[in-house]
Each structure stands twice: as C-alpha cells, then as structure tokens.
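Peer 1: There's a structure below that I have some questions on.
The values are calculated or read from the model by the stated rules, or taken from the named source; none is laboratory data. Since we're looking at a predicted model, the values are computed, not measured. Using ideal geometry, Cβ is built from the backbone for each residue, glycine included, and neighbour counts are taken over all protein chains shown. Ligands, DNA and RNA are stripped out before the accessible areas are found, and what is left, the full protein with its side chains, is counted by its heavy atoms. Shrake-Rupley method; radii C 1.70, N 1.55, O 1.52, S 1.80 Å.
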Amino acid sequence: MGRTALITGGSRGVGRAIALALAKDGVDHLLINYLEQDATMRALQEELENDGIRVTPLRYNLSQPDEIRQMADSVRTHTDHLDHLAHCAALTTFKPLHQVKPNQWDLVMNVSTRSFLVVVQQHLDLLKVGSSVVAVSSTGSQRFNQNYGALGVAKSALESTVRYLAVELALKGIRVNGVISGMLGGDSLPLFPEIEEVVKYTLQRTPAGRLGTPEDVAEVAVFLLTRAQWMVGQHVILDGGYCLT
Amino acid sequence: MESRTDLTSEVIAIVAKSLLLRPEMVHEGSRFFLDLEAESIDILDIRFAIESRFGFKFQNDEIRELLQTIAAEQDVTEKDIPELFTVGRLVDFVWLKISGKKPN
Ligand SMILES: NC(=O)c1ccc[n+]([C@@H]2O[C@H](COP(=O)([O-])OP(=O)(O)OC[C@H]3O[C@@H](n4cnc5c(N)ncnc54)[C@H](OP(=O)(O)O)[C@@H]3O)[C@@H](O)[C@H]2O)c1
C-alpha cells in the first residue's frame, strides 16, 4: 500500500515545500488542496509528476464546511487511507486587531482554524492507526506582532485545537502536532504594511541572522509527520531564535 | 433566480450582512471601496458568500479583469477602479454568471 498525504493550502509557500519534502521522503500520492490559483497548482503537479509522484489537485474553499465535505468525498474516490495530513491554508487581513470587523474575524478564523478541525473530522475514517497530522502556526500566536492580531488569535486557537485533537486522537493511534514558524522571506514574505521596516526589525532581533524559508518549515513538519513517534500534541518553534531575544 | 431585481435584493442582503450595514444603506450605485468602506478581505468574504449562495465559482481575478475592461472602455486608468466597482456592477456580473445573459 503506497503512502499518501493530504495537504491543505499545498499549492504554494510552506504547503508546497511540505509536498516536495514528503515526495522526497517516499510519499507516492499527494492530494493537494488550494483555493483558486490553477496555474500555480498545475506547475507543482507537473514538477511532482515528473518525479513519478501521483498528484490529486483539490480545488475547494476551506471557508465553507460543505466544500470540505465535498473535498473529503472526492479524496475517498482516490484513496482508502491517508498516512499524513498537513494543514497550511490560512488567510488574513493585516491591520490592528481593534479595527478587525466581525466578518473579517470570521473569515480569518474559518479558513485558518475552523477548517483544520473540519478537515480532520471529515477525513477521520481515512486516518488509520500510525497516521499523523501537522498544523502550521506562527509566532504571532504567542506574542504581539504589529498588524497581525486577526491571524495571531486564529493561530492561538489552532494550537489549542492541535492539543485537544492530539489527546483525543492518540487513542486512535493518530499523532497530531504543530510547527510554529517565524517570518519567512523571499516569495513567502507576508504582505504586512511597511514591510521593509518589519523585516529590518525582525532581522535585528533574529540570532540566526536571516528570515526563514518554506523549506525550513517543511523539514520540521515532515520530521513531525514521519519520525517523531513519541511526540504528541507539541509545537516546535522555528524562528532563528527570535523569540529568545 | 426569477429576475435581476430579485438578484439585486439578494446581493444587497449579502453585502449588507458582510459589511454589517442595514440593507437600505446599500444600493446599486454604492461604490464598495469609496461609499461602503469595504476592504479587499471584505470583497473576498462577499465573493465566498455569493459563490456559496449561487453555486458558481469566480475565476481567479475575474472581477478585476472585468473592471479593467470597463476602465479601458471608459478610457480611465486602473486607479479609477474603486470608482467603477459598484454593487450594481457586481449584480451584473452575478447575473451574467447565473443566467448567461448580459445586463441591458
Ligand atoms: N509566510 C510567512 O511568513 C509565514 C510565517 C509563519 C507562518 N506561516 C504560515 O504558513 C502557512 C502557509 O503560509 P504561506 O505564506 O506559505 O502561504 P501562501 O503562500 O499564502 O499560500 C496559501 C495557500 O493556502 C491556500 N488557500 C488560501 N485560502 C484558502 C481557502 N479559503 N481554501 C483553500 N485553500 C486556501 C492558497 O491557495 P491559492 O494558491 O489557490 O490561493 C495557497 O495554497 C500559513 O498557515 C501561514 O499562516 C507563514
């Protein structure tokens, strides 16, 4: 039986890096969810298929529980099990928390956090004993970041969801953990207001002297998914030492 | 959907709910960014609600492309898009999607 993995928000950035790293690790079938950017998804699909990996693109909007159910129905037509599930999809508005409107709060929460719960629930029958789940969070869940309140709060809730699911699903032999990433550079640089200033400040405070890359995050996510067998409900912080300074 | 008038009320209800406005504060001429103070995440929210209600998907950047076409026809530039993006234009777009008919 081949190894399979489902990745939400897997067409670019961290999700894409996790897809490529899992392929390298021997996963033979990747089911990759994304919102709308077909060309980006197609490029990744071609890259993976050239390496002999089976790819199933899943264009479903995770803000809608009904679409997540449809996605799970589709996943079931392609596989009878999932070895790994990585939740990367997120969406936000960068502004002070006290200016976030109720509909904006709901959308950020629904895409970034509620969808994680619903995706796990809808695929639970496919996650067998020995399978693993990882959720991607960010350091803004634990400390103040300018203009990051909406997603910061959503990520705190995501981490709590990881802990609860980890304990509940450990009884079924499913391991759930998370990674907490600091700011990533290059194409993954967030669209913060005054981003140059934010990068300068972040670099000054980062002992490692650089921003992260999607590959840095993928490396640890894949470790949690495939090797950290005694790790349950934990989060690994990856930020070049930023949170220590 | 029976008529464009019914559609207009439904779209106005969606917009008002998303932006926390009373429906009577929203009309076809309301400009999303200038009159209703919508932000880009609000447009995404409204778009998702419309997709869910009417059962079709916007293609990536489709609204922007439509507005660019209108801007070109009216001989204005990209920076005039906030001026052009009204509730009525969104209704026209949804009407075209669900009925296959161009608005009059
Ligand atoms: N970038 C950073 O600095 C950073 C730092 C810390 C943590 N993180 C976390 O890492 C994760 C990935 O971030 P990233 O910057 O790599 O992401 P990204 O490049 O912005 O990609 C986001 C992915 O999520 C998908 N997506 C967005 N909304 C969706 C929806 N409603 N339904 C389904 N899919 C949706 C996108 O699909 P389309 O391509 O079709 O739009 C895309 O595949 C996120 O959880 C983020 O919070 C990022």
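Peer 1: Under 5 Å between amide hydrogens, which residues at least 5 positions from residue A:128 or on another chain qualify, with H placed 1.01 Å from N in the peptide plane?
Peer 2: The answer is A:82.
Peer 1: Among the helices of chain A (complete DSSP H runs), which have Cα atoms covering no less than 24 Å along the helix axis and a Kyte-Doolittle mean of at least 0.5?
Peer 2: A:149-170
Peer 1: Regarding region A:43-109, what's the average projected area of the Cα-atom convex hull, expressed in nm²?
Peer 2: Convex hull of Cα atoms, orientation-averaged projection: 6.4 nm².
Peer 1: Next question, about the same structure. Please give the charge dipole size of region B:26-104, origin at the Cα centre, charges +1 on K and R Cβ atoms and -1 on D and E Cβ atoms. Round to the nearest 20 debye.
Peer 2: Dipole of region B:26-104, to the nearest 20 debye: 460 debye.
Peer 1: Hey, got the average number of other protein chain Cβ atoms within 10 angstrom for residues in B:39-45?
Peer 2: For peptide B:39-45, the averaged partner shielding equals 6.
Peer 1: Explain nothing, just the number: dipole magnitude of the protein assembly as shown about its Cα centre with +1 on each Lys and Arg Cβ and -1 on each Asp and Glu Cβ, in debye rounded to the nearest 20.
Peer 2: Around 1040 debye, computed over the protein assembly as shown.
Peer 1: Would you please state which residues of region A:202-245 a label at residue A:143 would reach in this model, taking the label point 7 Å out along Cα→Cβ and a backbone N cut-off of under 18 Å?
Peer 2: Label zone hits: A:202-213, A:235-245.
Peer 1: Could you pull out every residue, at least 5 positions away or on a different chain, whose amide H is within less than 5 Å of the one on residue B:33? Hs are placed 1.01 Å off N in the peptide plane, and Pro or chain starts have none.
Peer 2: B:38
Peer 1: Choose one of B:66, B:84, B:43: the residue whose Cα lies farthest towards the positive end of the charge dipole of region B:4-99 (beta-carbon charges +1 Lys, Arg; -1 Asp, Glu; about the Cα centre).
Peer 2: The residue sitting most towards the positive pole is B:43.
Peer 1: How big is the C-alpha Rg of the protein assembly as shown next to the rule-of-thumb value 2.2 N^0.38 Å, as a ratio?
Peer 2: My calculation over the Cα atoms of the protein assembly as shown gives 1.05.
Peer 1: Hey, with R₀ at 41 Å, roughly what FRET efficiency would residue A:172 and residue A:194 work out to, going by the Cβ-Cβ distance, to 0.05?
Peer 2: The formula returns an efficiency of 0.35 here.
Peer 1: How much net charge surrounds residue B:72 when only other residues with a Cβ under 15 Å from its Cβ are counted (Lys, Arg +1; Asp, Glu -1)?
Peer 2: Computed value for this residue: -3.
Peer 1: Working with all protein chains in place, sort A:231, A:71 by solvent-accessible area computed with a 1.4 Å probe, largest first. Numbers along the way, then the final one.
Peer 2: Working: A:231 45, A:71 0 Å².
The ranking, largest first, comes out as A:231, A:71.
Peer 1: Okay, next question. Per-residue mean of other chain beta-carbon atoms within 10 angstrom of the beta-carbon, peptide A:100-107?
Peer 2: 5
Peer 1: So, by mean Cβ neighbours within 10 angstrom, what's the order for B:33-39, B:71-77, A:196-202, A:55-61 with the highest one leading?
Peer 2: Result, highest mean first: A:55-61, B:33-39, A:196-202, B:71-77.
Peer 1: Please name which of A:11, A:37, A:21 has its Cα lying farthest along the dipole of region A:1-56 towards the positive end, using unit charges on Cβ (Lys, Arg +1; Asp, Glu -1) and the Cα centre as origin.
Peer 2: Of the candidates, A:21 comes out farthest on the positive side.
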